[in-house]
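To keep things clear, I will list the structure first and then write my remarks on it.
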Amino acid sequence: MRTGRLATVLGLGAFALVVLVPFWWIASMSFKTYEQIQFAQSIYVPRPFTWENYTGLWLGTRFPLWLRNSAITAIVVTAITTVVACLGGYAVARLRFPGREAVASLILILYLVPPALLFIPLYRVLAELGATNSLAALFLSYPTFTVPFCTWLLIGFFKALPIELEEAALVDGATRLQALRRVLLPLAAPGIVAAAIFAFTLSWNEFLYALVFIQDERTLTVPVGLNLLIYGDVFHWGELMAASVITTVPVVTLYMFIHRWMVEGLAAGSVKG
Amino acid sequence: MVGLIGYPFSRAIWLSFTDKLVGYPERFVGLRNYVYLAEEDTFRTVVRNSLVFTVASVALKVLTGLAMALVLHATWRWRNFFRGLLLLPWITSTVIIALTWRWMFDAFPGRGFFNSVLLDAGLLTRPIAFMATPEGAMAAVVVANWWRGFPFFGVSYLAGMQSIPGELYEAAAVDGAGAWRRFWHITLPGLQHVMVVTILLTFIFTLNDFNIIYVMTRGGPGTATQVFATYSYEVAFNQLRWGRGVTISIYVVPLLIALIPLVSRHLLRERAA
């Protein structure tokens, strides 16, 4: 048994290293001065330690604006997605209508259609609507991948809840909407929170659509803006690292509190690679 | 929803039969785009690169995912903590992951992790330009994609292992089966379903991956890491040949049509059970 435990500890250590080293490399570079990076000084830990990349990023680039754009987009898309996915998920899980199974399959298939297939024609459609080059393009296009995924997740969640509770509420004279609001939603809250967080993370991290649909530098989201920092000016390494840290921290913090829900939400709803 | 995906998709099919150039009206040219691409050397390279990238990434993810699940399964304390920790790459923005690995492999010691560490340890006398060779660049994008994806495989396989009844292992141990035979005859068959789902899903998404390659190499050096999505973007938005750009992504559709029903059948069966 002892060798088994040793192997487990070694394995855990190896995996933790593989996962943490890249994060640490970026974080440590974000606290190095230009000279420390340029001349490969204090490789492992930044010494001396500097905040100049963070101040430079905040004051000298459009990063704050991009952060705001990303936040607005993620919040709007999450709101749209949560409402639509709740109603859609409930309809498929609970209401009896012809073609219910077909709708469930269709939602799954829509989720599996890769964005790489749609970005060119979507660009034309959005251009005809006059929506390109504004955040509206993202509000319209992001639900094409968040809604199918979250609806699929919530169908599983709603199906797992006992139907008797709602029936009891209906017998007691509640309307269907009341039954949904007062009985089912509070019970499904963990699933809905998980779906909302997935929608938020997917929009926060999206790159391809934002790259294609938006040209104006002031309307960009963080991922596309970061990419601009590399090619725009070669000397921005430290600031780029600082930007990566700032962008990652909110998602990681959020996730530390609720990762158990996310994992369980995934187990109930399957799946994203 | 169907409108937002179905309409652009039908526009994509129509565009692929035209010679649409930005700024000019489109003309119907039948299958000319398809024939042109089938005869183009670059497109053949793109097909090969896409397959190499996808198969290598998926194979690595399955193997390390299994190892990670075995390690976590054997962990007797803080299992949830480690599961959360190892899942960090999966929630991090793909663009940031791509930037991170771009720096990890950078030829310049102050920025490149591998060069810094190897030079510092005296194992190298001169830095290596990992991403300047076709093989090195391909390896780098595969590593980045693997790092992003293997934690999800690990967590899925862990969930699968936890649902295998312990009595099976006890019975096998009583019958004298060693650890390896128990893994081969009980664990692997028990994971069959979740393995099929993760492999197929990731195959679909990796084959159409855009972010990692675009950010790390832009398809280069030369066309050494150009894949379907990046080549489609290049032709449509840099060469402004929309008809041909769309056709590149439509070449993947037959494969999707073959794979998507397989995945959805597995996922729907999971729901029914």
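Of all residues in segment A:106-120, which are modelled with pLDDT of 85 or more and not aliphatic (A, V, I, L, M)?
A:119
Please go through segment A:1-26 and give me each residue that is surrounded by fewer than 17 Cβ atoms within 10 Å (Cβ to Cβ) and under 15 Å from residue A:246 (Cα atoms), ordered by number.
The answer is A:24, and nothing else.
Looking only at segment A:27-42, filter to residues that are under 23 Å from residue B:95 (Cβ atoms) and free of Cβ contacts under 8 Å to residues at least 24 places away in the same chain; which one of those is surrounded by the fewest Cβ atoms within 10 Å (Cβ to Cβ)?
A:28
Taking the condition over 27 Å from residue B:191 (Cβ atoms), more than 26 Å from the chain's Cα centre (by Cα) and at pLDDT 85 or above, does residue B:119 pass? I'd like the intermediate steps shown before the answer.
Working: over 27 Å from residue B:191 (Cβ atoms): yes; more than 26 Å from the chain's Cα centre (by Cα): yes; at pLDDT 85 or above: yes.
Judged against the criteria, residue B:119 is a match.
Do we have any residue at all in segment B:102-109 that's within 30 Å of residue A:151 (Cβ to Cβ) and surrounded by 19 or more Cβ atoms within 10 Å (Cβ to Cβ)? First the steps, then the outcome.
First, pick out the residues of segment B:102-109 that are within 30 Å of residue A:151 (Cβ to Cβ): none.
Scanning segment B:102-109, I find no residue that is within 30 Å of residue A:151 (Cβ to Cβ) and surrounded by 19 or more Cβ atoms within 10 Å (Cβ to Cβ), so the answer is no.
Taking the condition in contact (Cβ under 8 Å) with a residue 24 or more places away in the chain, closer than 21 Å to residue A:81 by Cβ and either more than 8 Å from chain B (Cβ to nearest Cβ) or surrounded by fewer than 22 Cβ atoms within 10 Å (Cβ to Cβ) (or both), does residue A:220 pass? Before you say what the answer is, go through the steps one by one.
Details: in contact (Cβ under 8 Å) with a residue 24 or more places away in the chain: yes; closer than 21 Å to residue A:81 by Cβ: no; either more than 8 Å from chain B (Cβ to nearest Cβ) or surrounded by fewer than 22 Cβ atoms within 10 Å (Cβ to Cβ) (or both): yes.
Against the criterion (in contact (Cβ under 8 Å) with a residue 24 or more places away in the chain, closer than 21 Å to residue A:81 by Cβ and either more than 8 Å from chain B (Cβ to nearest Cβ) or surrounded by fewer than 22 Cβ atoms within 10 Å (Cβ to Cβ) (or both)), residue A:220 does not qualify.
Applying the selection to segment B:231-252, what residues are under 14 Å from residue B:16 (Cα atoms) and surrounded by fewer than 16 Cβ atoms within 10 Å (Cβ to Cβ)?
Selection gives B:240 alone.
Within segment B:228-251, which residues are more than 7 Å from chain A (Cβ to nearest Cβ) and β-branched (Val, Ile, Thr)?
B:230, B:235, B:247, B:248, B:250 - these are the residues of segment B:228-251 that are more than 7 Å from chain A (Cβ to nearest Cβ) and β-branched (Val, Ile, Thr).
Evaluate segment A:183-194: report whether one residue or more is under 22 Å from residue B:94 (Cβ atoms) and at pLDDT 85 or above. Please lay out each step first, then the result.
Of all residues in segment A:183-194, those under 22 Å from residue B:94 (Cβ atoms) come to A:194.
Filter once more, keeping what is at pLDDT 85 or above: none.
No, segment A:183-194 contains no residue that is under 22 Å from residue B:94 (Cβ atoms) and at pLDDT 85 or above.
On the given criteria, is residue B:260 within 23 Å of residue B:59 (Cβ to Cβ) and within 12 Å of another protein chain (Cβ to nearest Cβ)?
Values: within 23 Å of residue B:59 (Cβ to Cβ): yes; within 12 Å of another protein chain (Cβ to nearest Cβ): yes.
Yes; evaluated as a whole, the condition is true for this residue.
Scan segment A:99-115 and tell me whether some residue there is surrounded by 15 or more Cβ atoms within 10 Å (Cβ to Cβ), more than 8 Å from every other protein chain (Cβ to nearest Cβ) and polar (S, T, N, Q).
No, every residue in segment A:99-115 fails to be surrounded by 15 or more Cβ atoms within 10 Å (Cβ to Cβ), more than 8 Å from every other protein chain (Cβ to nearest Cβ) and polar (S, T, N, Q).
Could you go through segment B:211-218 and let me know if any residue there is surrounded by fewer than 18 Cβ atoms within 10 Å (Cβ to Cβ) and in contact with a Gly (Cβ under 9 Å, 6 or more places away or on another chain). Spell out how you get there, then give the answer.
Of all residues in segment B:211-218, those surrounded by fewer than 18 Cβ atoms within 10 Å (Cβ to Cβ) come to B:218.
Going one step further and asking which of them are in contact with a Gly (Cβ under 9 Å, 6 or more places away or on another chain), we end up with none.
The answer is no; no qualifying residue exists.
Considering every residue within segment B:20-33, establish whether at least one is within 27 Å of the chain's Cα centre (by Cα) and free of Cβ contacts under 8 Å to residues at least 60 places away in the same chain.
No - not one qualifying residue is present in segment B:20-33.
Are any residues in segment A:116-129 of a type in the set (D, E, K, R) and more than 7 Å from every other protein chain (Cβ to nearest Cβ), and if so, which ones?
Of everything in segment A:116-129, just one residue is of a type in the set (D, E, K, R) and more than 7 Å from every other protein chain (Cβ to nearest Cβ), namely A:128.
The values are calculated or read from the model by the stated rules, or taken from the named source; none is laboratory data. Just so you know, these numbers come straight off a predicted model, no measurement behind them. Don't worry about glycine lacking a Cβ; one is built from the backbone with ideal geometry, like all the others, and counts go over all protein chains shown.
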